[in-house]
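A.B. asks: Handing you a structure now.
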Amino acid sequence: MTDSPAPASNARKPKAAPAAAKASPDADAPAAARADQTLSLDVSAVPGFFKALVDFRFTTFITRRIAGFIYAILLVSIVLAGLVAFFSIVVTGVGLMTGPVNAQPISGILTILGALVLVPIATLVAIVLARMIVEVNVALVAIAENTASLRK
C-alpha cells in the first residue's frame, strides 16, 4: 500500500467568526457566567439594612434580605422543639411503664411508639409549613417590588 493523500471531501469547513464577535468578552464566556452578569444588582443603589428599618414610608423592603435567616431560625427552632417533644414523650412512656405505684406497661409502650411515629411526622409538617410561609412572604414582596414601577 502506498501513502496517497486522502481525496478532498466536499464537506464544508466552518466559517471563521466575525472579528467583532470574537472581541466581545461575553462570546467566550459560558452561558452560566453570562446569566450571572444579567442577574446581578447594583448594591450601591440599595439603602442599608438599618436605613430600611426606619423607612416609615415602606419604599424599601427587607423581607427578601432576611428571609433565609428567618427560615434558618425557624428550622432550628422546629427541630429543637421536635427533639424536646420526642424525649419528653419517651420519658413519660418510661415513667408509665415503671411507675412505683400503678405501672402501666401497655400505655408506656404505646406512648413511646406514638412518639417514634408522630413526632417526626409533626416535625416534618411544621418544617414544610414554615418553608411555605417564608416563600409566600418572599413572593408577595417580589410582587410588590415588581409592581412598584407601575405605580410611578
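A.B. asks: In sequence order, what are the phi-derived ³J(HN,Hα) couplings for the stretch 118-133 according to the Karplus relation 6.51 cos²θ - 1.76 cosθ + 1.60 with θ = phi - 60°, rounded to whole Hz, with x for glycine and proline?
C.D. replies: Along the stretch 118-133, the couplings run 7, 5, x, 5, 5, 5, 5, 4, 5, 5, 4, 5, 4, 4, 5, 5 Hz.
A.B. asks: Hey, what's the per residue convex hull volume over the C-alpha atoms of the stretch 60-152, in cubic angstrom?
C.D. replies: Hull volume normalised by residue count: 89 Å³.
A.B. asks: OK, next. Amide H of GLY99 versus every other amide H placed in the peptide plane: which residues, excluding those fewer than 5 positions away on the same chain, fall under 5 Å?
C.D. replies: So GLY99 has HN proximity to GLN104.
Laboratory data are not the source of any read-out in this text; all were calculated from the coordinates shown. The model shown is predicted, which means the values in this text are computed figures rather than measured ones.
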